[in-house]
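What follows is a set of notes on a single structure, which appears directly below.
The values are calculated or read from the model by the stated rules, or taken from the named source; none is laboratory data. Worth saying up front: this structure is predicted, and the values here are computed from it rather than measured. In this analysis, Cβ positions are derived from the backbone assuming ideal geometry, glycine residues included, and neighbour counts consider all displayed protein chains.
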Amino acid sequence: MQLLDSEDAMTRGLEALVRLDSVVADMLAAAGPPTLRQRRPGFGGLVGIVISQQVSTASAAAIQRRVEQAFPDLDASAVSAATDDELRACGLSAPKIRTLRAVAEAVASGAVPLDDLAAMPADEAHARLVAVKGIGPWTADIYLLFCLGHADAFPAGDLALQEAARIAYGLENRPDPRALVEIAERWRPWRGVAAKLLWAYYGAVKGHSGTPTTGAG
């Protein structure tokens, strides 16, 4: 299984995408090659993505700091043992507390083998994650792509990716997640690299940072 664990891997993926889809070359010309951008793997990385959902970057960073201060050894057992009051004191909402507890239980029981997900096909790894209550498609794919470097993970629910695809392919309307998944079929097994390029292209044409734009689940 190809992992996006180096700039060389990104370059190989981009070269493959150019051969698969002529529009990729146009996006590269406009945006330049995207950066690797990795995040913390494992339970702590998944916790960070849940924290970032539907809050500002500044709020997410503040909550993350409080969580790490309260739980220096941030793992599934620490979250499972914490009281709701302890988690609320970190700034976590009730839905996020429920999600983190569900994730902790799934990791502890082996239902979600975080260390093994990178070796699974993207669709299978995605299915294992979204089976956990509170983990939606966007969260699953962002974890696979940024924390594990899964080369074929593709967060089709991300609004920036949808808008970037609309512009790049001259579409009248922004594709919904299902339509974007259909477009992305041509990029297998490098859909993760295509996602990073679409974010970079979005940033270039919109004039601001091209980053994931929704954390709805």
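Below are the figures for this structure:
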item	result
Residues within region 109-135 that are part of a loop (DSSP other than H, G, I, E, B), in contact (Cβ under 8 Å) with a residue 40 or more places away in the chain and buried (at least 20 other Cβ atoms within 10 Å of the Cβ), tallied	1
Residues located in region 18-34, provided they are part of a helix (DSSP H, G or I) and within 23 Å of residue 206 (Cα to Cα)	18, 22, 23, 24, 25, 26, 27, 28, 29, 30, 31
Selection within region 86-101 - surrounded by fewer than 17 Cβ atoms within 10 Å (Cβ to Cβ) and part of a helix (DSSP H, G or I)	86, 88, 94, 95, 98
For residue 181: the one exception among (1) surrounded by 18 or more Cβ atoms within 10 Å (Cβ to Cβ); (2) modelled with pLDDT of 95 or more; (3) part of a helix (DSSP H, G or I)	(1)
Qualifying residue in region 153-161 (condition: in a helix (DSSP H, G or I) and modelled with pLDDT of 95 or more)	yes
Candidate set from region 21-50 (those that are crowded, with 19+ Cβ neighbours inside 10 Å and touching a Phe, Trp or Tyr at 6+ places or on another chain (Cβ under 6 Å)); member that is farthest from residue 169 (Cα to Cα)	46
Test: residue in region 74-85 that is crowded, with 19+ Cβ neighbours inside 10 Å, in contact with a Ser or Thr (Cβ under 7 Å, 6 or more places away or on another chain) and not assigned by TED's automatic domain parsing to the domain that holds residue 199	no
